[in-house]
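*Asks:* If you scroll down you'll find the structure; I have some questions about it.
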Amino acid sequence: MIGIILAGGNGTRLRPITNVTNKHLLPVYNKPMIYYPVEFHKSLGITEVLLTTGKEFGGEFTNLLGDGSRFGINLTYKVQEEALGIAHALGLAENIAKGHSMAVILGDNLFFLSNEETKSIRREVEEFARTPEGAVIFLKRVSDPERFGVAEVDENGRVMGIEEKPKNPKSNYAVTGLYLYDSTVFEKIRRLKPSGRGELELTDVNNAYLLEGKLKSHLLEGEWTDAGTFDSLHRANSLAKDIQGPSV
């Protein structure tokens with residue numbers, strides 16, 4: 001199992017502070033945002049990790065994280081020359097993944113889970129690594145689903161459809177920035193057409209798995225937030241402080 005952290009993009013919703021740095025380098029309480037997905041991969045037992053980011057601030061990531069050894073992982077890097085979408089950034093991992101399954105985390109997504117829930121996800125990751133087929137998305141009930149990709153699921157947790165930022169959501173299950181993919185994800189990315197934003201969208205990748213009947217879901221009970229807007233970044237800071245305790 002290869003871990004992938006997608007930490008590119010222009011951070012337009014956090015301007016002007018992202019005019020001078022990548023949003024994933026911003027502080028979330030007492031450490032840089034990017035530490036959270038790095039440490040989360042490690043908690044899932046994943047030690048081979050690839051980080052993709054834009055060329056403007058690539059050197060800042062390497063200065064901060066190095067080869068990953070102090071986190072207990074082996075960290076490598078790929079540069080996305082242009083911000084062409086999350087799925088495009090994931091596609092850069094093909095040569096490194098080399099047929100392996102992968103756990104993908106969006107770099108501005110923070111998970112604050114209990115030890116038991118983390119262990120449960122780790123077992124799911126290990127099982128997926130043994131028999132990788134299809135994809136798994138991780139869902140979370142939210143009060144503002146229109147901000148996210150939203151999954152419609154049946155009573156058995158089977159995914160019926162996914163909509164990106166719908167005006168009238170069919171459920172309150174947000175698709176979080178954690179995914180498990182088999183190696184066919186790269187074939188699916190190559191078949192994508194740019195969205196109206198001119199980007200290759202991860203929602204379209206997930207829908208490709210859905211059409212094949214190979215998309216599963218896992219409902220998270222712990223805390224989760226993205227940190228891509230000023231409001232969600234503020235929430236991320238509050239959660240980190242409340243859950244991790246006071247900094248010493």
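The values are calculated or read from the model by the stated rules, or taken from the named source; none is laboratory data. Bear in mind that the values here come from a model prediction, so they are computed numbers and not experimental data. Neighbour counts run over all protein chains shown; Cβ positions are idealised from the backbone, glycine included.
*Asks:* Considering each of GLU124, GLU146, GLU60, GLU133 in turn, give the residue that is outside any strand (DSSP E or B) and either of a type in the set (Gly, Ala, Ser) or within 15 Å of HIS218 (Cβ to Cβ) (or both).
*Replies:* Only one candidate qualifies: GLU124.
*Asks:* Which residue out of GLU199, GLU221 is touching a Lys or Arg at 6+ places or on another chain (Cβ under 9 Å), assigned to a loop (DSSP other than H, G, I, E, B), charged (D, E, K, R) and at negative phi?
*Replies:* Exactly one residue qualifies, and that residue is GLU221.
*Asks:* Can you report the number of residues in segment 16-57 which are among the aliphatic types (A, V, I, L, M), over 21 Å from THR118 (Cα atoms) and not in a strand (DSSP E or B)?
*Replies:* 4
*Asks:* Now, a different point. Considering segment 63-108 alone, what residues qualify as being in contact with a helix residue (DSSP H, G or I) (Cβ under 7 Å, 6 or more places away or on another chain), part of a loop (DSSP other than H, G, I, E, B) and surrounded by fewer than 16 Cβ atoms within 10 Å (Cβ to Cβ)?
*Replies:* GLY72, the sole residue that qualifies.
*Asks:* Just a yes or no: is a residue in segment 211-219 farther than 14 Å from ALA174 by Cα, in contact with a helix residue (DSSP H, G or I) (Cβ under 6 Å, 6 or more places away or on another chain) and buried (at least 16 other Cβ atoms within 10 Å of the Cβ)?
*Replies:* Looking through segment 211-219, at least one residue is farther than 14 Å from ALA174 by Cα, in contact with a helix residue (DSSP H, G or I) (Cβ under 6 Å, 6 or more places away or on another chain) and buried (at least 16 other Cβ atoms within 10 Å of the Cβ).
*Asks:* LEU192: more than 17 Å from the chain's Cα centre (by Cα), assigned to a loop (DSSP other than H, G, I, E, B), buried (at least 16 other Cβ atoms within 10 Å of the Cβ) and modelled with pLDDT under 90, yes or no? So that I can check it myself, show each step before the final result.
*Replies:* Details: more than 17 Å from the chain's Cα centre (by Cα): yes; assigned to a loop (DSSP other than H, G, I, E, B): yes; buried (at least 16 other Cβ atoms within 10 Å of the Cβ): yes; modelled with pLDDT under 90: yes.
So LEU192 fits the description; yes.
*Asks:* Return the pair list, or none, for Cβ contacts closer than 7 Å from residues in segment 227-246 that are within 16 Å of ASN22 (Cα to Cα) to residues that are part of a helix (DSSP H, G or I) and of a type outside the set (A, V, I, L, M, F, W, C), at least 6 apart or on different chains.
*Replies:* GLY228/ARG13; GLY228/LYS23; THR229/ARG13
*Asks:* Within segment 149-162, how many residues are farther than 21 Å from TRP224 by Cα and part of a strand (DSSP E or B)? Break it down into steps so the answer makes sense when it comes.
*Replies:* Looking only at segment 149-162, we keep the residues that are farther than 21 Å from TRP224 by Cα, and these are 154-156, 158, 160-161.
Imposing the further condition that a residue be part of a strand (DSSP E or B) reduces the set to 160-161.
So the count comes out to 2.
*Asks:* Right, something else. Can you spot a residue in segment 176-183 that is at pLDDT below 85, in a loop (DSSP other than H, G, I, E, B) and of a type outside the set (Asp, Glu)?
*Replies:* No: zero hits.
*Asks:* If you go through segment 52-67, how many residues are free of Cβ contacts under 8 Å to residues at least 40 places away in the same chain and within 28 Å of ASN19 (Cβ to Cβ)?
*Replies:* If we filter segment 52-67 for residues that are free of Cβ contacts under 8 Å to residues at least 40 places away in the same chain, which is where we start, we get 55-60, 62-67.
With within 28 Å of ASN19 (Cβ to Cβ) added as a condition, the list becomes 55-60, 62-66.
Qualifying residue count for the region: 11.
*Asks:* While we're on this one: From GLU56, GLU82, which residue is over 21 Å from ASP204 (Cα atoms) and not β-branched (Val, Ile, Thr)?
*Replies:* Result of the check over GLU56, GLU82: GLU56.
*Asks:* Being over 18 Å from TYR35 (Cβ atoms) and at pLDDT below 75 is the filter here; which residues of segment 10-19 pass it?
*Replies:* ASN10
*Asks:* Would a scan of segment 183-192 turn up a residue that is among the β-branched types (Val, Ile, Thr) and under 29 Å from PHE112 (Cβ atoms)?
*Replies:* yes
*Asks:* So which of LYS165, LYS170 ends up being free of Cβ contacts under 8 Å to residues at least 60 places away in the same chain, surrounded by fewer than 17 Cβ atoms within 10 Å (Cβ to Cβ), at positive phi and not hydroxyl-bearing (Ser, Thr, Tyr)?
*Replies:* LYS165
*Asks:* In segment 135-162, which residue that is of a type in the set (Gly, Ala, Ser) and within 22 Å of GLU117 (Cβ to Cβ) is surrounded by the fewest Cβ atoms within 10 Å (Cβ to Cβ)?
*Replies:* SER143
*Asks:* Hey, among ARG141, ARG123, which residue is without any contact (Cβ under 8 Å) to a residue 24 or more places away in the chain and out of contact with any helix residue (DSSP H, G or I) (no Cβ under 9 Å at 6 or more places or on another chain)?
*Replies:* After applying the criteria, what remains is ARG123.
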